[in-house]
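A.B. asks: One structure coming up, written as structure tokens, with questions to follow.
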Amino acid sequence: DSGVTQTPKHLITATGQRVTLRCSPRSGDLSVYWYQQSLDQGLQFLIQYYNGEERAKGNILERFSAQQFPDLHSELNLSSLELGDSALYFCASSVTSGRTNEQFFGPGTRLTVL
Amino acid sequence: TQLLEQSPQFLSIQEGENLTVYCNSSSVFSSLQWYRQEPGEGPVLLVTVVTGGEVKKLKRLTFQFGDARKDSSLHITAAQPGDTGLYLCAGSYSNDYKLSFGAGTTVTVRA
């Protein structure tokens, strides 16, 4: 158990809909990262938040947005869903200090868009 | 775009055999991590290496970071069925905390 929690575990929805994925980082970690994993693209970085502020953006679509709340939990919002958005979405957290960047991953949310 | 290249993509061996997975990049990383992932689950951190030439051992797993900090390898001695999984290498830059992942190596250890 990494200490990172994600809900829900599975999500099935239809094209055009909007969903929210939730993540709680490990106790003491200030950084939260979101990744998307699909069969053809592997693990792709989407976005990072540090102590409530956006720090880095990766290949995140404009239809996707995220935020980190004062209690440090984070939500990833996916809207106008398309079939191609079906994937595993992972949240990771880290302390973000020093030379290392050890990120601990949650169990993921499997999103299926029908 | 994958900055890290892993090889081989697939590896199937018999229990008791040894195996090596490679991770190569054209960029210098400040640190590199190895993860193992099982189907439907999140990646689990195995080790972090930061110093060129560094070697770390975790039971039957040996991790090496190249002198130039552009490549790494994972060696498993006397593999067991429990070692089956997707092995991922991931690197980060010193001023950039996101991780860039390799495509992974799927390892299958047959009993």
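Just so it is clear, none of the values below were taken in a lab; they were calculated from the coordinates. As the structure is a computational prediction, the values presented were derived from the model and not from experiment. Neighbour counts are summed over all protein chains in view; Cβ atoms, including those assigned to glycine, are modelled from backbone coordinates with ideal geometry.
A.B. asks: Under the Karplus relation 6.51 cos²θ - 1.76 cosθ + 1.60, θ = phi - 60°, what is the ordered set of whole-Hz ³J(HN,Hα) values for the stretch B:67-81, x standing for Gly and Pro?
C.D. replies: 3J(HN,Hα) across the stretch B:67-81, in whole Hz: 4, 8, 6, 10, 8, 8, 9, 10, 10, 10, 9, 6, 4, 10, x.
A.B. asks: Taking the Cα-to-Cβ direction at A:A14 and at B:N24 and moving 7 Å from each Cα, how far apart do the two end points lie in nm?
C.D. replies: About 5.0 nm, to one decimal.
A.B. asks: Using unit Cβ charges (K, R positive; D, E negative) and no other charged atoms, how large, in debye to the nearest 20, is the dipole of the protein assembly as shown about its Cα centre?
C.D. replies: I would put it at about 200 debye.
A.B. asks: Lysine pairs in the protein assembly as shown with alpha-carbon atoms under 21 Å apart, 8 or more places apart or on different chains: how many are there?
C.D. replies: Total qualifying Lys-Lys pairs in the protein assembly as shown comes to 4.
A.B. asks: Taking the Cα-to-Cβ direction at B:S7 and at A:S80 and moving 7 Å from each Cα, how far apart do the two end points lie in nm?
C.D. replies: For B:S7 paired with A:S80, the spin-label model returns 4.2 nm.
A.B. asks: Here's another thing I want to ask about it. Determine how many Å³ per residue the convex hull of the Cα atoms of the stretch B:15-111 encloses.
C.D. replies: 87 Å³
A.B. asks: If you take every DSSP beta bridge whose two residues both sit in chain A, what share of them, in percent to the nearest 5, is antiparallel?
C.D. replies: So the antiparallel bridges in chain A amount to around 90 percent.
A.B. asks: To continue, here is another question. For the stretch A:1-82, which trypsin sites (Lys or Arg not before Pro) are in a loop by DSSP, counting at most 12 other Cβ atoms within 10 Å?
C.D. replies: For trypsin sites (Lys or Arg not before Pro) across the stretch A:1-82 that sit outside H, G, I, E and B with at most 12 neighbouring Cβ atoms in 10 Å, the list reads A:K9, A:R18.
A.B. asks: Output wanted: per-residue J couplings in Hz (rounded whole) for the stretch A:105-114, from phi through Karplus 6.51 cos²θ - 1.76 cosθ + 1.60, θ = phi - 60°, x for Gly and Pro.
C.D. replies: Computed from phi, the couplings for the stretch A:105-114 are 9, x, x, x, 10, 8, 9, 10, 10, 9 Hz.
A.B. asks: What is the average number of partner chain Cβ atoms found within 10 Å of a Cβ in B:26-38?
C.D. replies: 2
A.B. asks: Note down the magnitude of the dipole of chain B about its Cα centre, charges +1 on Lys and Arg C-beta and -1 on Asp and Glu C-beta and zero elsewhere, to the nearest 20 debye.
C.D. replies: The dipole of chain B has a size of about 180 debye.
A.B. asks: Nothing charged except the Cβ atoms of Lys and Arg (+1) and of Asp and Glu (-1): what's the magnitude of the dipole of the stretch A:55-111 about its Cα centre? Round to the nearest 20 debye.
C.D. replies: Computed about the Cα centre, the dipole is about 200 debye.
A.B. asks: When the gyration tensor of the protein assembly as shown is built from Cα positions, what are the square roots of 5 times its three eigenvalues, in whole Å, from largest to smallest?
C.D. replies: Working from the Cα gyration tensor, I get semi-axes of 29, 21, 15 Å.
A.B. asks: Which one, B:L46, B:F65, B:P81, projects farthest toward the positive side of the charge dipole computed for the stretch B:14-97 from Cβ point charges (K/R +1, D/E -1)?
C.D. replies: Going by the Cα projections, it comes out as B:F65.
A.B. asks: With label points built 7 Å along Cα→Cβ from the Cα atoms of A:L114 and A:D40, find their separation and express it in nm.
C.D. replies: Label at A:L114, label at A:D40, 2.3 nm between them.
A.B. asks: FRET efficiency for B:T62 and A:E62, Cβ-Cβ distance as r, R0 = 45 Å, nearest 0.05?
C.D. replies: Once the sixth-power term is evaluated, E becomes 0.55.
A.B. asks: While we're looking at this one, here's another question. Among A:D29, A:D71, A:D40, whose mean-square fluctuation peaks in a Gaussian network model of chain A (Cα, cutoff 10 Å)?
C.D. replies: A:D40
A.B. asks: Between B:V50 and B:A111, what is 0.36 nm times their sequence separation minus the Cα-Cα distance? Round to one decimal in nm.
C.D. replies: Difference between extended and current length: 18.5 nm.
A.B. asks: Still on this structure, please answer the following. Work out the charge dipole of the stretch A:21-91 with +1 on the Cβ of Lys and Arg and -1 on the Cβ of Asp and Glu about the Cα centre, then indicate which of A:P25, A:Q36, A:A56 is farthest towards its positive end.
C.D. replies: A:P25
A.B. asks: Same structure again: From the phi of every residue in the stretch A:5-17, what ³J(HN,Hα) in whole Hz does the Karplus formula 6.51 cos²θ - 1.76 cosθ + 1.60 yield, where θ is phi - 60° and glycine or proline is x?
C.D. replies: 10, 9, 9, x, 6, 10, 8, 10, 8, 10, 4, x, 7
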